[in-house]
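No lab work stands behind these numbers, since they all come straight from the coordinates. Here the structure is a predicted model, which means the values were calculated and not measured. Please note: Cβ atoms are built from the backbone with ideal geometry, for glycine as well, and neighbour counts cover all protein chains shown.
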Amino acid sequence: MKKVDSLSVVIPMYNEEYYAREVVAEAIRVVSSVTPCFEVIAVDDHSSDATPVILENLVSGDSRIKTVRNSRRLGLGGALLAGFAAASKSAVLYTDADFPCDMGNIRRAVELMEREDADIVSAYRSGCLRENFHRSAYSFVFNGMVNLFFNSGIKDVNFSFKLFDRGKLNALRIGSRGSFINTEMFVKAKRSGYKIAQFPAQYLRRAKGVSKLDNFGNIFGILREMACFAVSERKRRPFDK
């Protein structure tokens, strides 16, 4: 049975001055009750607000906190890859700065990974607090497309709460630099025979600031990356015996 004896928490941020201090503090509070060996990695994706200053102050007062600052904005994929590269613990958890679900689910995810001997644990939304129709419709359609084209078997691909075995994560060789990174990780994980466990979590809609992902520009970028990835998969598959 897998044992999660240390944990890196990766939190990508772009202009998250309203959440940066709060989400790091909550991550530390929860993770410290799960394992004494942990680190919280805040990835600043070249923010233009007070996020970098807030993170710098947090790091100066706590050695358990790391920051990675991108020299230019790279998007969700680029920010996550930078955070994954900085992670040093046996397992890596990724979540967003705006609390997509209760941080208490970290313990639940770790216990599920250990009990199921899973390589990846992914939460999916089950009953949504303060949800809106636009977001629900987008999620439903996108997850349907992913399962239609790639047969991923994942209930909620883009839900921002995922726990990985770090060695297995690094072996995936992810190429996406945009928000399609979530789909690419799951498609490649399934192709590699990884065991994926899923559990329901209450979705909490952003209460402060502005979402950087829920817009047509980002949706178009995901669809463009999806099309390119689908073409590359079609070219690869005949030779993948």
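Numerical summary
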{"read-out": "Footprinting exposure proxy for 169, 112, 163 (fewest neighbouring C-beta atoms within 10 Å first)", "value": "112, 169, 163"}
{"read-out": "Long-range HN-HN contacts of residue 93 with modeled amide H, under 5 Å", "value": "8, 9, 10, 164"}
{"read-out": "Farthest positive-ward along the chain dipole, Cα basis, beta-carbon charges - from 50, 149, 100", "value": "149"}
{"read-out": "Built amide H within the under 5 Å cut-off of residue 198, gap 5+", "value": "122"}
{"read-out": "Estimated vicinal HN-Hα couplings, Hz - region 194-202 in sequence order (Karplus 6.51, -1.76, 1.60; Gly, Pro = x)", "value": "5, 8, 10, 10, 10, 8, x, 9, 5"}
{"read-out": "Dipole of the chain, positive end: most advanced residue of 172, 199, 85 [Cβ charges, Cα centre]", "value": "172"}
{"read-out": "Antiparallel DSSP beta bridges within the chain, percent to nearest 5", "value": "25"}
{"read-out": "Segments 8-16, 115-123 sorted - mean Cβ within 10 Å per residue, highest first", "value": "8-16, 115-123"}
{"read-out": "Approximate spin-label separation residue 5-residue 205, in nm, with each point projected 7 Å along Cα-to-Cβ", "value": "4.5"}
{"read-out": "Charge dipole (debye, nearest 20) of region 23-84; +1 at Cβ of Lys and Arg, -1 at Cβ of Asp and Glu", "value": "140"}
{"read-out": "Residue among 19, 203, 194 with the largest mean-square fluctuation in a Gaussian network model of the chain, springs linking Cα atoms under 10 Å", "value": "194"}
{"read-out": "Estimated dipole of region 26-161 in Debye, rounded to 20 [Cβ of Lys and Arg +1, of Asp and Glu -1, Cα centre]", "value": "120"}
{"read-out": "Euclidean distance between Cα centres, region 58-130 to region 148-178, Å", "value": "13"}
{"read-out": "Given charges at beta-carbon only (K, R positive; D, E negative), |dipole| of region 7-239 in Debye", "value": "820"}
{"read-out": "Pairs from 89/155; 155/195; 3/195; 66/168; 155/208; 66/190 whose Cα-Cα separation, in the structure shown, is over 25 Å", "value": "89/155; 155/208; 66/190"}
{"read-out": "Enclosed volume per residue, in Å³, of the convex hull spanned by Cα atoms of the chain", "value": "119"}
